[in-house]
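See structure below.
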Amino acid sequence: MQNLLLMTDRLSTWLGKVCAWSVVGLTLLISWEVFNRYALNNPHAWVLDAQIMLYGTLFMTAGAYTLSKNGHVRGDVLYGFFQPRTQASVDLILYIVFFLPGVVALTWAGWAFAQDSWSIREQTFSAQALPLYPFKFVLPLAGAVLLLQGLVEIIRCVMCLRTGAWPARDHDVEEVDVDKLKEMVHVKDSDIEALDQIVVNKGRAA
């Protein structure tokens with residue numbers, strides 16, 4: 001079971017990282033358009049549509065990736081003090097009551113929107129129209145992967161309720177742990193306080 005959970009984590013991570021390259025496309029596209037608009041006085045109507053679709057792809061596919069890393073925003077002020085079983089109980093209720101209905105609706109409606117868009121070969125409304133129907137399929141794809149990751153999180157909650165401990169996750173980029181960083185560079189809190197005092201004294205002398 002744990003291997004299945006980690007495989008789903010890796011799928012969500014892979015999709016998120018692949019679609020994250022759209023940031024590079026966005027950067028290059030915007031830079032090119034700014035140059036064309038202000039240096040060459042030759043703007044392009046289709047660029048705004050392309051920007052929106054690239055950003056939409058990035059935003060939609062980041063959901064499953066973030067969920068797989070347990071990175072979505074929550075009220076940690078109270079949640080962090082709960083025991084693992086209590087955390088799992090709260091998460092399980094929220095997943096069933098809010099997450100599943102919303103994501104199922106997103107996936108279902110997204111598939112219907114994508115099919116309708118494909119049937120009419122939908123395009124954008126700018127003067128230089130772009131095909132819109134390929135982008136519409138991002139909705140059901142992102143929804144399906146997010147739903148799959150959500151089911152994995154529900155299984156994790158059930159496992160935590162049984163064992164009293166959260167199952168392991170696949171590791172990836174993490175926020176900097178300041179305490180561990182201090183240990184690595186052999187810096188103590190007293191050293192930081194002394195440095196702060198030196199800066200304060202210099203400021204007063206100036």
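Miscellaneous remarks
- Taking θ as phi - 60° and the Karplus parameters 6.51, -1.76 and 1.60, the scalar couplings of the stretch 21-34 work out to 5, 5, 4, 5, x, 4, 4, 5, 5, 5, 4, 5, 5, 4 Hz in sequence order, x denoting glycine and proline.
- Computed from backbone phi with θ = phi - 60° and the Karplus coefficients 6.51, -1.76 and 1.60, the 3J(HN,Hα) list for the stretch 42-50 is 9, x, 10, 5, 6, 5, 4, 4, 5 Hz; x is used for glycine and proline.
- In order along the stretch 82-95, the Karplus-derived 3J(HN,Hα) couplings, from 6.51 cos²θ - 1.76 cosθ + 1.60 at θ = phi - 60°, round to 6, 5, x, 5, 5, 4, 5, 5, 4, 4, 4, 4, 5, 4 Hz, and Gly and Pro are given as x.
- Footprinting exposure proxy ranking of Met1, Met7, fewest other C-beta atoms within 10 angstrom first, gives Met1, Met7.
- Sequence-distant residues sharing a close amide H with Gln123 (under 5 Å, placed H): Leu132
- Chain lengthening between Tyr38 and Arg169 when straightened (0.36 nm per residue, less Cα-Cα): 42.4 nm
- When Phe82, Phe99 are arranged by Cβ crowding within 10 Å, least crowded first, meaning fewest neighbours, the order is Phe82, Phe99.
- Cα-centre dipole for the stretch 1-143 with unit charges at Cβ (Lys and Arg positive, Asp and Glu negative), debye to 20: 220
- FRET efficiency, 1/(1 + (r/R0)^6) with R0 22 Å, evaluated for Val18 and Gln123 via beta carbons: 0.30
- Label point of Arg74 set 7 angstrom out along Cα-Cβ; within the stretch 145-159, amide nitrogens under 12 Å from it belong to 153-154, 156-158.
- Footprinting exposure proxy for Lys17, Lys136 (fewest neighbouring C-beta atoms within 10 Å first): Lys17, Lys136
- Structural size metrics of the stretch 1-114, computed from C-alpha coordinates, are Rg and Dmax of 19.6, 62 Å.
A short reminder: the numbers here are calculations on the coordinates, not readings from a lab. Remember, predicted model here, so these are calculated numbers, not experimental data. When we count neighbours, we look across all protein chains shown, and the Cβ atoms used for this are built from the backbone with ideal geometry, even at glycine.
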